[in-house]
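The values are calculated or read from the model by the stated rules, or taken from the named source; none is laboratory data. What you see is a predicted model, and the numbers here were worked out from it, not measured in a lab. Glycine also receives a Cβ, built like all others from the backbone with ideal geometry; neighbour counts cover every protein chain displayed. With ligands, DNA and RNA removed, areas are computed over all heavy atoms of the protein, side chains included. Shrake-Rupley method; radii C 1.70, N 1.55, O 1.52, S 1.80 Å.
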Amino acid sequence: MIGRLASASDPRSAAREAFAAALASVDPDGTIAILSHFDADGLAAAAVLARALERAGRRHEVHLTGKGETPWDPAVAARLSAGNPAALIVADLGTRAEPVLPGCATVIIDHHVPTGEPADAITISGNGLSPEPTSALLAWWAAAALGDVDDLLWLAAIGLIGDMEQGRDFIELQQAQARWGKTALRDAVSLINAPRRTAAADAGPALRLLLRADGPKAITKGTDADAEALRLAKAEVRAAMDEGKREPPLVVGDVALIALDTPCQIHPLVAQQWRGRLKDKIVIAANRGYRPGWVHFAARSATGRNLIDFLAGHRPANADGRYGNGHAQATGGALTLADWNSFERGLGIPQAQVLS
């Protein structure tokens, strides 16, 4: 069942009804596994879903993807299977035809450009709506099927602010800012996003805070170990950015390449920074230090070009599902060193190849 909200007259009601239909077929005594991305949008979506399920008396367990992981990796399936879930919710991790956990009832909540349609899942997709809701907002709409989630609206706002500037067009964000404060929400997003960008990429402290906090100020003004971990993570990322932003771009034709070598996930931030300075280029920030044996990269552009299509046109033969997903104006991927070198040759930038 494909819950494409773009074709619904009332996307909010459609999301709630699709989620209610999915839960109706799940054993009420079974555990519902939640698997989400570890950025602010994915973490906020997981927190909304977990807190709504807990209030409804439904057993649940939250899992996060780790550094370099996708939901379709065998190691992720093994972690999920260990809990013998009655159902699985996959949030903010993309939409493919392949099942994440074969044989398990699945709900997909996502807003990225899909690369396939999962046949045996209920998909609540915001892709195609304008403005486009992030996964956390979709989760908040859906969670209303379980009861009143008005006090969790700030979590939806965390996802909107963290993922898309378009968030300002949603009445939900305006309401959340009026209730919890625009500055507090933005400061909380900055902290929540920090741990997954560090070398350790441990988003556990951020998730724990979102699961128990009553608002953004509990995060920005928190004094416990988790809140302190977020501040330390932000300092680590800031130091990496201070170094990374000094790297000059290599400009060849339509492409500007910034080469990085750090275990911190700063390549999306660097690409976004240069996007505003090189407005007529496709900016690619490539990080060979993020994960051994791989180059992780982020592509951004102010030209309006569809970057997913651009990457598809330059796809290396051995690229897997880590390549060319996300949004038309914000995408990227991960390639082995050999595939990265093939990719760079195809772009006409052989000097950007890396040594093993």
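Brief remarks follow.
- Members of the stretch 32-62 found to be closer than 11 Å to Ile89 by Cα, more than 14 Å from the chain's Cα centre (by Cα) and not hydrophobic (A, V, I, L, M, F, W, C), listed by number: His60, Glu61
- Test for Gly30: is it on the phi < 0 side of the Ramachandran plot, modelled with pLDDT of 95 or more and assigned to a helix (DSSP H, G or I): no
- Restricting the stretch 224-282 to residues that are of a type in the set (Gly, Ala, Ser) and touching a residue at least 60 places away in the same chain (Cβ under 8 Å), the residue that is farthest from Leu43 (Cα to Cα): Gly253
- Top-ranked residue of the stretch 62-89 - restricted to ones that are in contact (Cβ under 8 Å) with a residue 60 or more places away in the chain and small (Gly, Ala, Ser), ranked as most open to solvent (accessible area, probe 1.4 Å): Ala86
- Among residues of the stretch 174-201 that are more than 22 Å from Ala46 (Cβ to Cβ), those with a Cβ under 8 angstrom from a residue that is among the charged types (D, E, K, R), sequence gap 6+ or separate chain, pair up as Gln174/Arg168; Gly181/Lys217; Ala199/Glu236.
- Taken over the stretch 119-148, the criterion of being of a type outside the set (Gly, Ala, Ser) and open to solvent by 10 Å² or more (accessible area, probe 1.4 Å) is satisfied by Asp120, Ile122, Asn127, Leu129, Pro131, Glu132, Trp140, Trp141, Leu146, Asp148.
- Pair list, Cβ < 9 Å and 6+ apart or interchain, from the stretch 208-221 residues that are open to solvent by 100 Å² or more (accessible area, probe 1.4 Å) to residues that are not in a helix (DSSP H, G or I): Lys217/Gly181
- Scanning the stretch 280-330 for residues that are among the hydroxyl-bearing types (Ser, Thr, Tyr) and touching a Gly at 6+ places or on another chain (Cβ under 6 Å) returns a single hit, Tyr323.
- Looking at Gly289, Gly313, just one residue is of a type outside the set (Asp, Glu) and either open to solvent by less than 60 Å² (accessible area, probe 1.4 Å) or under 25 Å from Ala200 (Cβ atoms) (or both), and that residue is Gly289.
- A count restricted to the stretch 90-113 and to residues that are open to solvent by 20 Å² or more (accessible area, probe 1.4 Å) and of a type in the set (A, V, I, L, M) stands at 4.
- Residue in the stretch 342-349 that is open to solvent by less than 40 Å² (accessible area, probe 1.4 Å), polar (S, T, N, Q) and not in a loop (DSSP other than H, G, I, E, B) present: no
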